[in-house]
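Colleague: Okay, here's the structure, questions in a sec.
The values are calculated or read from the model by the stated rules, or taken from the named source; none is laboratory data. All figures in this text were calculated on a predicted structure; none of them were measured in a lab. Using ideal geometry, Cβ is built from the backbone for each residue, glycine included, and neighbour counts are taken over all protein chains shown.
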Amino acid sequence: MYLPTPRGDLSYALNNALLCNPSEDSTAYLASVAEDRLGSSLDVIYDEDLQLSLFMLYELHYRGFAEVDDRWEWNPALISLRAKIEEGFEDALRDVAGSISSVEPSSSEVAKALFALAANDAGPSVSKFIQRKANADQAREFLILKSIYQLKEADPHTWAIPKLAGRAKAAMVEIQADEYGNGRLSRMHSELFRQTMRGMGLRDDFGAYVDRIPAVTLAAANMISLFGMHRRLRGAITGHLALYEMTSSIPQACYARGFRRLGYESPVTDYFDEHVEADAVHEQIAGRDLAGGLAEDEPGLVRDILFGAQAAAAVDALAGAKYLEAWETGKSALYTGAGAAV
Amino acid sequence: MSDDCCASEAAIITVCPQGPLLLRGDFEILDADGQHIDTRQGPVALCRCGGSAIKPFCDGTHKLIKFEGRK
């Protein structure tokens, strides 16, 4: 992908730095710009400039940017900048996740608590809207919004594999292998999503629509990188994945029905159909063996497991509310700030 | 997730509380006429609540109908 259009002082400064040669000292002023931004930000989760900057910093660790030197990935000034933004972001996530109940560190109790959390997820129902009301343009917007994660689906959770051991690791590998189509390109979930985007007349290359993705959607994707890349948050990444899997199979069936209502069939709907069945498997493994297995191995991580799940549910609810508010009033749910390509 | 299923290739069935049967290892699913039913690669979840729209596979409906089952 190419560098996104900046949305404020920090992403502008970061953009400029990344276009320089990493051997030149072009990062000196980034820390103070970040301090200013964090100091004046009302809500990190909704802050376009901060979330876009964090997305850019994380993307250096995935597939990077076409015009950016790969050596920037481990530049100490950028790692330090990322840590600063992550600190504010994690605080915001802990706020929206809310208080965490005490749960016995056994596989069955942790799974039960996670399933209960997923069942009580009172977030706005984007899936019902897509199923019953969305028009084709809104269905396309929905895919564009999802694309910032789904076109690299599974990658941010994969960071966790080397940080886990034993039962939890085996469970994570079993789920992730499935996400990657068990090594078959055509069954890889990100490839199925590309097929859906192409079928709806959209671009299927990762990051093609980054300039249309609002902060809260970037935050949902950034959260997975935050949890996946920090070993101290290994509990949170397993809780996050469990919650994602547990709130997936039923909504995916709604999406499939919505796209069929709009006149689309396979291969457009393959992605959703695959997830109905796959995630009904994954939620069982994620609850008992991944999160539950980790809780039994490391009882001190139970609170973080629940934090990851609650944060996932909370941020998804915020994003969903934003989409529905726009669509219900005939507006676009995409980012339309200055610089957003139309 | 089972450490025995793949080594021995024997089919392993896990009964999930309030949920499906998880099936791993070497197995084949046949319909009433003995015809092979295609399954996805990897583990498979079989409906136990009777509510799935994609039987014999699970689609998560047990959560909507509050299926209890036997543990």
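Colleague: Do any helices (runs of 4 or more DSSP H) entirely within region A:213-296 hold 2 or more residues that are within 14 Å of another protein chain (Cβ to nearest Cβ) and surrounded by fewer than 24 Cβ atoms within 10 Å (Cβ to Cβ), and if so, which?
Modeller: Working: elements: A:215-229, A:234-246, A:249-261, A:270-284.
Fully inside region A:213-296 and qualifying: A:249-261, A:270-284.
Colleague: Any chance region A:290-308 includes a residue that's small (Gly, Ala, Ser), in the same structural domain as A:VAL126 (by TED's automatic domain parsing) and closer than 23 Å to A:MET200 by Cα?
Modeller: The answer is no, given that none of the residues of region A:290-308 is small (Gly, Ala, Ser), in the same structural domain as A:VAL126 (by TED's automatic domain parsing) and closer than 23 Å to A:MET200 by Cα.
Colleague: Looking at A:ALA168, A:ALA177, A:ALA134, A:ALA160 in this structure, which one is modelled with pLDDT of 95 or more, under 17 Å from the mean Cα position of the chain (by Cα), in the same structural domain as A:ALA242 (by TED's automatic domain parsing) and among the small types (Gly, Ala, Ser)?
Modeller: Going through A:ALA168, A:ALA177, A:ALA134, A:ALA160 in turn, the sole match is A:ALA160.
Colleague: With respect to A:LYS128, is the statement that it is of a type outside the set (Phe, Trp, Tyr) and out of contact with any Cys (no Cβ under 9 Å at 6 or more places or on another chain) true?
Modeller: Numbers: of a type outside the set (Phe, Trp, Tyr): yes; out of contact with any Cys (no Cβ under 9 Å at 6 or more places or on another chain): no.
For A:LYS128, the condition - of a type outside the set (Phe, Trp, Tyr) and out of contact with any Cys (no Cβ under 9 Å at 6 or more places or on another chain) - is not met.
Colleague: Of all residues in region B:14-50, how many are touching a helix residue (DSSP H, G or I) at 6+ places or on another chain (Cβ under 6 Å) and part of a strand (DSSP E or B)?
Modeller: Selection size over region B:14-50: 3.
Colleague: Of the residues in region A:163-212, how many are among the polar types (S, T, N, Q) and crowded, with 20+ Cβ neighbours inside 10 Å? Break it down into steps so the answer makes sense when it comes.
Modeller: Taking region A:163-212 and keeping what is among the polar types (S, T, N, Q), we get A:176, A:182, A:186, A:190, A:195-196.
From what's left, crowded, with 20+ Cβ neighbours inside 10 Å: A:190, A:196.
Residues in region A:163-212 being among the polar types (S, T, N, Q) and crowded, with 20+ Cβ neighbours inside 10 Å: 2 in total.
Colleague: Further question on the same structure: Please pick out the residue among A:ARG231, A:ARG257, A:ARG212 that is charged (D, E, K, R), touching a residue at least 12 places away in the same chain (Cβ under 8 Å), more than 27 Å from A:ARG132 (Cβ to Cβ) and assigned by TED's automatic domain parsing to the domain that holds A:PHE142.
Modeller: A:ARG231
Conditions (1) modelled with pLDDT of 95 or more; (2) surrounded by fewer than 16 Cβ atoms within 10 Å (Cβ to Cβ); (3) over 17 Å from A:GLU277 (Cβ atoms), marked per residue:
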residue: B:ALA10; (1), (2), (3): no, yes, yes
residue: B:PRO20; (1), (2), (3): yes, no, no
residue: B:GLU28; (1), (2), (3): no, yes, yes
residue: B:ASP38; (1), (2), (3): no, yes, no
residue: B:GLY42; (1), (2), (3): no, no, no
residue: B:ALA45; (1), (2), (3): yes, no, no
residue: B:SER52; (1), (2), (3): yes, no, no
residue: B:PHE57; (1), (2), (3): yes, no, no
residue: B:GLY60; (1), (2), (3): no, no, no
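Colleague: While we're looking at this one, here's another question. Touching a Leu at 6+ places or on another chain (Cβ under 8 Å) and in contact (Cβ under 8 Å) with a residue 40 or more places away in the chain: does that describe A:LEU294? Quick ask: steps written out before the conclusion?
Modeller: On the way: touching a Leu at 6+ places or on another chain (Cβ under 8 Å): yes; in contact (Cβ under 8 Å) with a residue 40 or more places away in the chain: yes.
In short, yes.
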